[in-house]
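Chemist: One structure follows; several queries about it will come next.
The values are calculated or read from the model by the stated rules, or taken from the named source; none is laboratory data. Only a predicted model underlies this, so the values are computations on that prediction, with no experimental measurement involved. Every residue, glycine among them, receives a Cβ derived from its backbone with ideal geometry; neighbour counts consider all protein chains shown.
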Amino acid sequence: MIAPARSIAFEILLYVTDTDTNAHSDELLRDPQVNALSAQDRALATTLVMGTLRWQLQLDAHIRPLLARPDTKLSPAAETALRLGAFQLLHLDRIPPHAAIGESVELTRRAGEHFATGLVNAVLRKLAKAPKPTAVPSSLAGEFAHPAWLAERWARNYGEPAARAICAFDQQPAPVTIRLAHPEAEASLAAAGIELAPGDFLSAARRVLSGDVARTKAFRDGWIRIQDEGSQLVAELAGQGSRILDACAAPGGKTAILVERNPEAHLTAADINRRRLDSMRRNLSACGDRVRFAVQDAAAMTLEPEYDLILCDVPCSGTGTIARNPEIRFRLAAGDLARHSQRQRRILAAALTGLAPGGRLVYSTCSLEPEENEQVVDAVLAAHPSYERIPISAELAALAVSGRIHAEGAAALAAHALRDGCLRTIPGILNCDGFFAAILTRS
Ligand SMILES: C[S@@+](CC[C@H](N)C(=O)[O-])C[C@H]1O[C@@H](n2cnc3c(N)ncnc32)[C@H](O)[C@@H]1O
């Protein structure tokens, strides 16, 4: 009998590593099948999935030399069972080796790969007997199981200490942060045994120190939302307007803050993906008809200059969220950045046409790559001289004066999150995902 946590972890890993799917591990770990597990099993399934993906490059480097022919092409099931077993042997002291090995063999058998069970058994036994590696790999990429091209470009763009901080942050469970959306939320969570700490920057954010907020009444009733603090900050920076367009809105974390901050406004939430927009519509159903939902390709929008606030939280490589989505490091190739950048330029240029004179547009990504960030903004502004950038420092100062950013947060952001007039949160330097934001206006 295979432990339910290992069985589900194996299925998720197999699904995520199948190159034909774009499924994200964190979404799959919110599946009803996983929610039905006991709290302990769910925690183990999460550790197994995230840990195996985070350390996959290192695990492969240990597994491959133990194969009779290190370049052998393994079936996805055998490779996944080996990685899952190796992760437990190398990283989880509390799992007995016989359980890690035996269940990987059983998972291989159950996947119909009877002929591969001997190989999985032999390789994992050899790995269990070998002394635990103690030497630290010489490169940053090797030490933190990242592709070399990514770690090297972060070192080039942000310096070696920041690149090390990003890589180290990616290898740890991402912080769980919530947004308080009801005056009684904190008391309700405390009564449910959830331990909270203040957010690092925002007065309405709280860091979850212990407890499963997703299983509380406050969460079910919509009194809190789970949202990274960098993501909350971008929506706070967008600020206030009366006619608002959120051009790439789903799953709606930032839209919810725009709704909360602009009780009188008319808001259009658009996204190219109908399924994601429908799920967002259900989540925001309490907003009634204040939010209009539109399935729309933001790159092909033709707009009247009627919006005084536009949020363009564009699709991107997501390299600022690898702690949450560890598989991004395998799916992304250096050549993909040019494709992302082209699409981002088209979306930003189209969105600018909807901006009323004096209005504000926030362009944001969760990417650490300049090609998707400042280079997009610079290229679009060069081609559209009637728009200009507003320095973020003034906006952060205004949020601090209004109390939306607390004093320690203002100091941390001023010291670590400003770069060339834009917001640039670096994971590991700040305790949140890596977000970029620039504010543009029509002059
Ligand atoms: C980074 S996510 C947005 C996250 C969202 N703003 C939030 O805070 O929850 C990018 C979104 O852009 C959508 N998207 C991708 N290409 C698009 C396009 N051409 N036009 C509009 N939306 C697009 C994706 O479906 C995805 O939902």
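Chemist: So which residues in segment 107-126 are surrounded by 19 or more Cβ atoms within 10 Å (Cβ to Cβ) and not polar (S, T, N, Q), if there are any at all?
Modeler: Scanning segment 107-126 gives L107, A111, A116, L119, V120, V123, L124.
Chemist: Separate question: Go through the residues of segment 110-123 one by one and say whether even a single one is farther than 29 Å from D433 by Cβ, among the basic types (K, R) and at pLDDT 95 or above.
Modeler: Of segment 110-123, the ones farther than 29 Å from D433 by Cβ are 110-123.
This time we only want the ones that are among the basic types (K, R), so: 110.
So of that shortlist, the ones also at pLDDT 95 or above come out as 110.
Yes, that holds for at least one residue.
Chemist: Right, another one. Assess whether C287 counts as being over 16 Å from I347 (Cα atoms) and either in a helix (DSSP H, G or I) or near the ligand (Cβ under 8 Å from one of its atoms) (or both).
Modeler: On the way: over 16 Å from I347 (Cα atoms): yes; either in a helix (DSSP H, G or I) or near the ligand (Cβ under 8 Å from one of its atoms) (or both): yes.
In short, yes.
Chemist: While we're here: Mind listing whichever residues of segment 346-386 are assigned to a loop (DSSP other than H, G, I, E, B), buried (at least 19 other Cβ atoms within 10 Å of the Cβ) and more than 26 Å from the chain's Cα centre (by Cα)? Don't jump to the end; show me each part of the working.
Modeler: Pass one, segment 346-386, residues assigned to a loop (DSSP other than H, G, I, E, B): 353-354, 366-369, 373, 384-386.
Those still in the list that are buried (at least 19 other Cβ atoms within 10 Å of the Cβ) too: 354, 366-369, 373.
G354, the sole residue that qualifies.
Chemist: Is there a residue in segment 233-250 that is without any contact (Cβ under 8 Å) to a residue 40 or more places away in the chain, within 12 Å of the ligand (Cβ to nearest atom) and within 30 Å of P357 (Cα to Cα)? So that I can check it myself, show each step before the final result.
Modeler: Initially, segment 233-250 is screened for residues without any contact (Cβ under 8 Å) to a residue 40 or more places away in the chain, giving 250.
Subsequent filtering for residues that are within 12 Å of the ligand (Cβ to nearest atom) retains 250.
Pick out the ones that are also within 30 Å of P357 (Cα to Cα) and you get 250.
Within segment 233-250, one or more residues are without any contact (Cβ under 8 Å) to a residue 40 or more places away in the chain, within 12 Å of the ligand (Cβ to nearest atom) and within 30 Å of P357 (Cα to Cα).
Chemist: Consider C316 carefully, then state whether it is within 30 Å of I166 (Cα to Cα), hydrophobic (A, V, I, L, M, F, W, C), within 12 Å of the ligand (Cβ to nearest atom) and free of Cβ contacts under 8 Å to residues at least 60 places away in the same chain. Step through it out loud before you land on a result.
Modeler: Working: within 30 Å of I166 (Cα to Cα): yes; hydrophobic (A, V, I, L, M, F, W, C): yes; within 12 Å of the ligand (Cβ to nearest atom): yes; free of Cβ contacts under 8 Å to residues at least 60 places away in the same chain: yes.
Judged against the criteria, C316 is a match.
Chemist: While we're looking at this one, here's another question. Quick one: in segment 206-224, which of the residues that are of a type in the set (K, R) and at pLDDT 95 or above is surrounded by the fewest Cβ atoms within 10 Å (Cβ to Cβ)? If you could, list the steps in order and put the result at the bottom.
Modeler: Taking segment 206-224 first, the residues of a type in the set (K, R) are 206-207, 215, 217, 220.
If we keep only those that are at pLDDT 95 or above too, we end up with 206-207, 217.
Numbers: R206: 24, R207: 17, K217: 11.
My answer is K217.
Chemist: Looking at segment 255-262, can you tell me whether even one residue there is in a strand (DSSP E or B) and either closer than 22 Å to C432 by Cα or within 13 Å of the ligand (Cβ to nearest atom) (or both)? Please lay out each step first, then the result.
Modeler: Taking segment 255-262 and keeping what is in a strand (DSSP E or B), we get none.
No - not one qualifying residue is present in segment 255-262.
Chemist: Pick from segment 290-310 the residues that are part of a helix (DSSP H, G or I) and surrounded by fewer than 17 Cβ atoms within 10 Å (Cβ to Cβ): which of them is farthest from the ligand (Cβ to nearest atom)? Write out each step before concluding.
Modeler: Going residue by residue through segment 290-310, those that are part of a helix (DSSP H, G or I) are 290, 298-300.
Now restrict to residues that are surrounded by fewer than 17 Cβ atoms within 10 Å (Cβ to Cβ): 290, 300.
Working: R290: 17, A300: 8 Å.
Checking each candidate, the answer is R290.
Chemist: Mind listing whichever residues of segment 183-205 are part of a strand (DSSP E or B), surrounded by fewer than 20 Cβ atoms within 10 Å (Cβ to Cβ) and either within 19 Å of the chain's Cα centre (by Cα) or free of Cβ contacts under 8 Å to residues at least 12 places away in the same chain (or both)?
Modeler: Result: no residue meets the conditions.
Chemist: Another question about this same structure. Within segment 324-335, is even one residue buried (at least 20 other Cβ atoms within 10 Å of the Cβ), polar (S, T, N, Q) and farther than 15 Å from F436 by Cβ?
Modeler: Yes; the residues of segment 324-335 include at least one that is buried (at least 20 other Cβ atoms within 10 Å of the Cβ), polar (S, T, N, Q) and farther than 15 Å from F436 by Cβ.
Chemist: Okay, next question. Take the residues in segment 394-410 that are in contact with a Leu (Cβ under 8 Å, 6 or more places away or on another chain) and not charged (D, E, K, R), then tell me which one is surrounded by the fewest Cβ atoms within 10 Å (Cβ to Cβ).
Modeler: Taking segment 394-410 and keeping what is in contact with a Leu (Cβ under 8 Å, 6 or more places away or on another chain), we get 395-396, 399, 404-406, 409-410.
Those still in the list that are not charged (D, E, K, R) too: 396, 399, 405-406, 409-410.
Values: L396: 23, L399: 22, I405: 27, H406: 18, G409: 24, A410: 16.
Taking the candidates together, the pick is A410.
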